[in-house]
Amino acid sequence: MKDRGLYIHIPFCAKKCHYCDFTSYVGMESEIDSYLEALKREIDLYLVEKKLVSSIFIGGGTPSILSVKQIEKLLKIINKKFIFDINTEFTIECNPGTLTIEKLRVMKEMGINRLSIGLQSTHDKHLEFMGRIHNLKEFEESFKNARQVGFDNINVDLIFAFEGQTFDEWKETVNYIINLNPEHISAYSLIIEEGTRFFYLYEQGQLKEIDEELYVKMYRYVIDTFEKNGYEQYEISNYAKKDRRCKHNILYWECEEYYGFGLGASGYIEGIRYTNTKNMTQYMKKIEKNNKPIDYEEKLSNIDIYNERMMLGLRMIEGIDMLQLMSLLDDENKKIIESKIRKYIEQGHIKKYIINGDEYIHFCQQGIEISNTILVDLMI
């Protein structure tokens, strides 16, 4: 069995972004210290002895909202229960406006070796539109400080294809990032998620989805431009320089096991998928009683595993092993899925290829552009 990954959720934010549907709370900074204590106790409920992990990801929320002392406390909790070394990818999500050089120094000194910084756009008017708390100048300061401290593996998050953004503005953002030269770039098209401020505006007719032709034009531009500048597309929305793919995300996409700790966090251990409660009061009460704060768990069936591998694995540019995937299905479902895949191959959306005698499928370019529609169709 491969070493497991580790995900820790920090659910605190200075402000809720208009597109965000992640578990997060605003204006609760006074609760951070008690939350970290609860997080420590939650981990203790799972682990008696230290465990080796292949990747660590601290996400949110906004982990960089923690003070220097709180970051030290969190990293000491991780160090006490988990074994990691120079080869372990250790990422923390950061937002400009909450990131100081002092925080960066503590992160670096205590073992974090990868940053994921949320920029989203290089245009301040778009940052304001999305409800971000920072401007471009603050991002530039954060990035410069990270380099100064010695971080040599930085991801920058971008969002595109939203109302009000022009193609020329997207080109400016893409070329700005290339000149900045991060090791990894995540570029996501905006999805209007239920429960967000954007969803409310969309329901009220005050926000529109972007024209599909413009989205395709923007997407093709980013793929072509990043490729010309040394960034390999290895997943639908992720691009990396040589040997800088995100190990932790790949762990998710390949359906490997990982611990998930914190409010609303999910984990996958020994074939069981679990999700913690998203209610802070319930989370704290359950841990106070020495109970795992799980809201929902299930033993994955072969159909569940198929759906996850199809949904996540086909997002990767290399695609998925067909024999391995079809082995999860009964004869009837196998015939249905194989028929659908043949249809998409004939339409030029999916391509079949052989590696060491094994048959793989992956999206062609035009398949990537309508990937969500195809993936839904290939679910059972």
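The values are calculated or read from the model by the stated rules, or taken from the named source; none is laboratory data. As the structure is a computational prediction, the values presented were derived from the model and not from experiment. Here Cβ is always computed from backbone atoms with ideal geometry, including for glycine, and neighbour counts include all displayed protein chains. Ligands, DNA and RNA are excluded from the accessible area calculation, which covers all protein heavy atoms including side chains. Shrake-Rupley method; radii C 1.70, N 1.55, O 1.52, S 1.80 Å.
For the reader, a short list of remarks on this structure follows.
- Region 255-270 versus region 39-54: alpha-carbon centroid distance in Å: 12 Å
- Kirkwood hydrodynamic radius over Cα pairs of region 39-103, then Stokes diffusion coefficient at 37 °C and 0.692 mPa s, in µm²/s: 254 µm²/s
- The shape of region 183-336 comes out oblate: with a ≥ b ≥ c from the C-alpha gyration tensor, a/c is at least 1.5 while a/b does not beat b/c.
- Using a Gaussian network model of the chain in which every pair of alpha carbons under 10 angstrom is joined by a spring, one finds that among LYS73, LYS352, LYS289 the greatest mean-square fluctuation is at LYS289.
- Using heavy atoms of the protein chains and a probe of 1.4 Å, the accessible area assigned to ASP168 is about 90 Å².
- Pairs of alpha carbons in region 101-144 separated by more than 16 Å make up 44% of all such pairs.
- Straight-distance candidates among the aspartates and glutamates for linking to LYS299, with alpha-carbon spacing under 12 Å and chain neighbours fewer than 8 residues away dropped: GLU270.
- Normalising the Debye intensity of region 19-171 to I(0), with uniform scatterers on Cα atoms only, and taking log10 at q = 0.08, 0.09, 0.21 Å⁻¹ returns -0.26, -0.33, -1.42.
- Multiplying each eigenvalue of the alpha-carbon gyration tensor of region 268-311 by 5 and taking the square root yields semi-axes of 27, 10, 6 Å, largest first, rounded to whole angstroms.
- The count of lysine pairs in region 1-78 that are at least 8 places apart or cross chains, and whose C-alpha atoms lie under 30 Å apart, stands at 24.
- Candidates TYR176, TYR19, TYR306, ranked by Gaussian network fluctuation over the chain, Cα under 10 Å, top entry: TYR176
- Taken over the Cα atoms of the chain, the convex hull encloses 152 Å³ per residue.
- Solvent exposure, largest accessible area first (probe 1.4 Å, DNA, RNA and ligands not counted), of LYS285, LYS15: LYS285, LYS15
- Kirkwood-based Rg to Rh ratio, region 179-236, C-alpha trace: 1.09
- The aspartates and glutamates within cross-link reach of LYS80, meaning a Cα-to-Cα straight distance under 16 Å and a gap of 8 or more places when in the same chain, are GLU37, GLU42, ASP44, GLU49, GLU72, GLU109.
- Out-of-range pairs (alpha-carbon distance over 25 Å; input LYS217/LYS335; LYS81/LYS289; LYS81/LYS292): LYS217/LYS335
- Against the criterion of solvent-accessible heavy-atom surface with a 1.4 angstrom probe, PHE162, PHE129 sort, most first, into PHE129, PHE162.
- Cysteines (scope the chain) whose Cβ has no counterpart Cys Cβ under 4.7 Å: CYS13, CYS94, CYS246, CYS255, CYS364
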